Amino acid sequence: MTANVRVEPWSEGDLGLLRRLNAPELTTHLGGPEPEARVLDRHRRYLVPGDGRMFRVEVDGAPAGSVGYWVRSWQGEAVWEVGWGVLPEFQGRGVAAAAARAVVQAARAERTHRWARAFPSVDHAASNAVCRKAGFTLLGEADFEYPPGRWMRCNDWGVEL
């Protein structure tokens, strides 16, 4: 378990990290890598807090991934959807679970929605383990569209805020 995990607000200098997180091996369960134009658009959105926030995950001061939360309408209710990505050299060390716990606390501090939810593919064992280790409760399975036009079977994990 990695003890020195921090989350910091997304910054202009994090574009290189976002490009590394867009690698084929890290986006297999998300429909594959995005084109450069979409990565640049995503980076611009991450820079402006709005209906949610994105953070850089650091381990001992080194960029290790991203984590964030954003508004999603789910089962007739607005919830915070939580998502993360961790670079390969930091995987398997508890980094994603620590980052997910930190971002749930940030979402809770917003005091706007009752739930934080995560929707990893039922086939993505590592992300499902992160949910469990971060304190989410498995609430069932659902069909989920991501990216737009691509349906997948996901687990619905939740933390009541």
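Summary table below
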{"quantity": "Residue list for the stretch 5-30, filter: part of a loop (DSSP other than H, G, I, E, B) and either among the hydrophobic types (A, V, I, L, M, F, W, C) or farther than 19 Å from PRO88 by Cβ (or both)", "calculated": "TRP10, SER11, ALA23"}
{"quantity": "Hey, ARG44 without any contact (Cβ under 8 Å) to a residue 12 or more places away in the chain, assigned to a helix (DSSP H, G or I), farther than 20 Å from ASN155 by Cβ and out of contact with any strand residue (DSSP E or B) (no Cβ under 9 Å at 6 or more places or on another chain) or not", "calculated": "yes"}
{"quantity": "Selection within the stretch 12-37 - among the acidic types (Asp, Glu), closer than 26 Å to ASN155 by Cα and surrounded by 13 or more Cβ atoms within 10 Å (Cβ to Cβ)", "calculated": "GLU34"}
{"quantity": "Long-range neighbours under 7 Å by Cβ, at least six apart or interchain, first residue closer than 25 Å to SER11 by Cα within the stretch 67-88, second of a type in the set (S, T, N, Q) and at pLDDT 95 or above", "calculated": "TRP84/SER66; GLY85/SER66"}
{"quantity": "Residue list for the stretch 101-125, filter: among the basic types (Lys, Arg), assigned to a helix (DSSP H, G or I) and more than 13 Å from the chain's Cα centre (by Cα)", "calculated": "ARG108"}
{"quantity": "Test for ALA116: is it out of contact with any Gly (no Cβ under 6 Å at 6 or more places or on another chain), surrounded by 21 or more Cβ atoms within 10 Å (Cβ to Cβ) and closer than 25 Å to ALA23 by Cβ", "calculated": "no"}
{"quantity": "Test: residue in the stretch 93-100 that is in a strand (DSSP E or B) and surrounded by 19 or more Cβ atoms within 10 Å (Cβ to Cβ)", "calculated": "no"}
{"quantity": "Search result, residues across the stretch 133-161 that are at negative phi, in contact (Cβ under 8 Å) with a residue 12 or more places away in the chain and outside any strand (DSSP E or B)", "calculated": "LYS133, ALA134, PHE136, TYR146, PRO147, ARG150, LEU161"}
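The values are calculated or read from the model by the stated rules, or taken from the named source; none is laboratory data. Predicted model, so just to flag it, every value in this text is computed and none were measured. Every residue, glycine as well, gets a Cβ built from its backbone with ideal geometry; the counts of neighbours run over all protein chains shown.
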